[in-house]
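One structure below.
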Amino acid sequence: MFALREVLMRKAGRTLRARTASAGLFAAALLLAATTTATAAGSRSQSTGPNQVYRYGYSLGFHPFTSPHDVREQLTGNFWLFPVRGGCPAVIHPADECDLLGGNPVRVEAIGYDSLQIATLPGHDLGEGMHIRFTFARALGLHCLVVSAWQDRPTPCSGRTLCSAASRTGAWVLWRVLAETLRISAYTA
């Protein structure tokens with residue numbers, strides 16, 4: 001009898017964990033759907049056509065008392081959190097120009113309520129005219145970072161399959177590092 005009860009309790013525990021995991025997946029899907037809609041509505045200049053380079057989404061975890069604005073403000077006010085800051089100042093503002101790690105010049109194009117957008121300048125390894133937008137969103141206390149990149153026109157790198165694939169893969173890893181940093185620092189935002 002005791003063994004049967006223990007088996008039933010284990011099954012119930014697995015079911016509870018499965019339901020909790022399903023609820024978590026549902027909440028994450030809801031967050032990404034809300035983020036996609038908000039990002040698309042809030043980005044007039046962003047290309048979604050053939051000049052789009054990538055669009056990646058990252059979870060920043062559960063932060064019920066932190067707004068997307070707080071997370072964006074923390075990043076732009078403490079730019080040393082950015083994984084390739086290089087020669088950029090600690091606090092960035094629209095129109096600031098600086099070199100990211102490796103001598104890659106960028107300009108801060110816009111800082112919105114819940115977003116940051118930068119553009120590559122001549123001399124950047126990826127070429128001039130790439131725009132990268134970092135958008136922060138929250139649904140049900142779960143935060144998300146969506147990173148979108150697009151170009152004004154194809155660059156020498158985007159025209160070569162190997163270079164383009166390496167660039168997108170490197171960006172995914174780099175922005176993942178940023179997301180993990182913000183996952184932790186968002187508690188203090």
Practice task
Run T135 past the list (1) at pLDDT below 85; (2) of a type in the set (V, I, T); (3) surrounded by 15 or more Cβ atoms within 10 Å (Cβ to Cβ) and report the number of the one that doesn't hold.
Solution key: (1)
Completion exercise
Screening I132, I118, I111 for residues that are of a type in the set (V, I, T) and closer than 19 Å to T66 by Cα leaves only I111
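Go through region 84-99 and count every residue that is touching a Phe, Trp or Tyr at 6+ places or on another chain (Cβ under 8 Å) and surrounded by 16 or more Cβ atoms within 10 Å (Cβ to Cβ).
Residues meeting the conditions: 3.
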Exercise for the section: Please specify each residue of region 142-189 satisfying the condition of being assigned to a loop (DSSP other than H, G, I, E, B), touching a residue at least 24 places away in the same chain (Cβ under 8 Å) and basic (K, R). Expected result: R153
Exercise for the section: Would you be able to say whether some residue in region 116-135 is closer than 21 Å to R72 by Cβ and among the small types (G, A, S)? Expected result: yes
Problem - Failed item in (1) open to solvent by 10 Å² or more (accessible area, probe 1.4 Å); (2) closer than 27 Å to E73 by Cβ; (3) of a type in the set (S, T, N, Q), with S158 passing the rest - result: (2)
Handout entry: Candidates G103, G141, G127 - the one that is over 24 Å from Y58 (Cβ atoms), in contact with a Pro (Cβ under 9 Å, 6 or more places away or on another chain), of a type in the set (G, A, S) and open to solvent by less than 60 Å² (accessible area, probe 1.4 Å)
Key = G127
Exercise for the section: Under 6 Å between Cβ atoms, at least 6 apart or on separate chains: pull out the pairs that start in region 52-71 with a residue that is farther than 25 Å from A119 by Cα and end on any residue that is buried (at least 16 other Cβ atoms within 10 Å of the Cβ). Expected result: G61/R183; F62/L142; H63/H143; H63/A186; T66/A186; T66/A189
Handout entry: Hits in region 175-188 (condition: out of contact with any strand residue (DSSP E or B) (no Cβ under 7 Å at 6 or more places or on another chain) and open to solvent by 50 Å² or more (accessible area, probe 1.4 Å))
Key = V177, E180, I184, Y187, T188
Exercise for the section: Return the only residue of A110, A119 being assigned to a strand (DSSP E or B), open to solvent by 20 Å² or more (accessible area, probe 1.4 Å) and small (G, A, S). Expected result: A110
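The values are calculated or read from the model by the stated rules, or taken from the named source; none is laboratory data. Remember, it's a predicted structure, so these values are computed and weren't measured experimentally. We place every Cβ from the backbone using ideal geometry, glycine too, and count neighbours over all the protein chains shown. Keep in mind that these areas ignore ligands, DNA and RNA; they rest on the heavy atoms of the full protein, side chains included. Shrake-Rupley method; radii C 1.70, N 1.55, O 1.52, S 1.80 Å.
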